[in-house]
Amino acid sequence: MVRGAPCGATWEAARRLIGHPLDDAVRKIGLDTQFYCSADPAGWDPIYGKSPVHFAGKIHSRELARAIDRALALLAGETGQG
């Protein structure tokens, strides 16, 4: 992880992924980020139509999915599988 949410939720959510099954990690980081986020869930964003908590969960899930895809692609390249 290079950076995280200002509230610190990223670090706790990532810590809780240790030992968790990979096939459920994208869902779990989104939920855990929302749970540990200290942003006001009542503060709806007028552009995106979501609370900052929901927005943070979506971003964390999307970025973890991208990171997993990149890591798997690198591993496949190292083993010669494609």
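Checking each residue in the stretch 32-43 for being more than 11 Å from residue 5 (Cβ to Cβ) and surrounded by 14 or more Cβ atoms within 10 Å (Cβ to Cβ) picks out only 32. Screening the stretch 44-79 for residues that are in contact with a Ser or Thr (Cβ under 7 Å, 6 or more places away or on another chain) and either part of a helix (DSSP H, G or I) or at pLDDT 90 or above (or both) and picking the one that is nearest to residue 31 (Cα to Cα) gives 57. Applying a threshold of 6 Å to beta carbon distances and a minimum spacing of six or more residues, or different chains, the list of pairs starting in the stretch 2-14 at a residue that is over 15 Å from residue 31 (Cβ atoms) and ending at one that is in a helix (DSSP H, G or I) and at pLDDT 90 or above reads 4/10; 4/11. Do the conditions hold for residue 32, that is, is it of a type in the set (Asp, Glu) and part of a loop (DSSP other than H, G, I, E, B)? No, not satisfied.
Go through the stretch 7-21 residue by residue and tally those that are surrounded by 11 or more Cβ atoms within 10 Å (Cβ to Cβ) and either in a helix (DSSP H, G or I) or of a type in the set (A, V, I, L, M) (or both). Of the residues in that region, 7 qualify.
Among the residues of the stretch 14-37, none qualifies, meaning not one is modelled with pLDDT under 85 and on the phi > 0 side of the Ramachandran plot.
Quick check on residue 4: is it within 10 Å of the chain's Cα centre (by Cα) and assigned to a loop (DSSP other than H, G, I, E, B)? Yes.
The values are calculated or read from the model by the stated rules, or taken from the named source; none is laboratory data. Quantities reported herein were computed from a predicted structural model and do not represent experimental measurements. No Cβ is skipped: glycine too gets one built from the backbone with ideal geometry, and neighbour counts run over all protein chains shown.
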